[in-house]
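Heads up: the structure comes next, in structure tokens.
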Amino acid sequence: AGAIPLWVPLLTHGQATTWWFAYQASMPAMVLLHVPALIAHFNFLSVFHGCLFTDTLVMAVGTWLFARRFFSSPFPVFFVTVAMVGSAIWANQPWMNFRLYHMLPLVLHWGHRFLETGRARYVFFAGNLLAVGSLGLVPYLIVWSSLVVFLYFFLYCLFQPEEAWPRMKHLPRQGTVWAASAGVAFSLLLLYALLQRGVEDMAAYGYGRNRDFTVDPQDFLTYGGNLSLRKWLDLGLGVSPNWDYTLYAGMFTLVLAVLGCLLGFRRRMIPFPLMIAFVVLFSMGSFVSSFSYHAWPMMQ
């Protein structure tokens, strides 16, 4: 989008040289940062594109595996995967828009595998991918991603009890599941500690904040008042006054959503329109976002 790379140090007149400095990096870049001699003589733009390709591959594989649960033919699975990877919604700002959710399809697939097999390793894989995929993000985004994952499986268990409950009722007695869950909790706590490390040394940019640098919850949940119901017209019109919070996702998004509901709607698909409604209401600073702000752990 023509923005300056690593703009935060310019914005805040300096940046602490801690783990936080690498917050725009992707999952493979986090590994490469520990072996600088390996990439010292490469054009870093090529490294960036390579890392972004790896992240895109994670989303593509996850989308393919997840979509296979809802379509018997490989053709719609292929279409969904291509549409997801080729979407316009994350192209302008991959750091925020793309990396916020690129790992979610694979996380959801592994969650289903856990419910199907009862094997604790899928809990460990899913939870740690959620943590590792959030390494380069600001700390509050992991709270939102975890809420989305929880809500999806809550709705899945609610509308597909014959698939979910027979396996779940035996889970509390499995020690391996508790051990895997403890491992995930440790990873999330470690992630939070890493992202908090050294931030007290950062210069603060307080535009739109109170004198103590706090933000009104209503302003925060609506991106400074920019995400109202009117804002969602971007999705159909393809016109946005500011690329930083555009919701445009391609000209066929609404048409295909309507066709999907009319032609292929089944009971197991019910969580998806409910999730869409939840995200829209959350983005508007409505009762949904206010309730989540007070009810979901660490949301405040």
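What follows draws every value from the coordinates through simple rules; no lab data is involved. Nothing here was measured: the structure is a model prediction, and the numbers come from that model. When we count neighbours, we look across all protein chains shown, and the Cβ atoms used for this are built from the backbone with ideal geometry, even at glycine.
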Item to complete: Quick one: compute the contact order of the stretch 227-300, relative version, from alpha carbon pairs under 8 angstrom and 6+ residues apart, as a percent.
Response: 24
Item to complete: With a ≥ b ≥ c taken as the square roots of the eigenvalues of the C-alpha gyration tensor of the stretch 52-158, please select rounded if a/c is under 1.5 and otherwise prolate if a/b is larger than b/c or oblate if it is not?
Response: oblate
Response to the item:
Along the stretch 260-272, Karplus-curve 3J(HN,Hα) (6.51, -1.76, 1.60; θ = phi - 60°) to the nearest Hz, with x for Gly and Pro, reads x, 5, 6, 9, x, 7, 10, 4, 6, 8, 4, x, 6
Practice prompt. Using a 10 Å cut-off on Cβ atoms, rank the peptides 41-51, 281-291 from the highest mean neighbour count down.
Written response: 281-291, 41-51
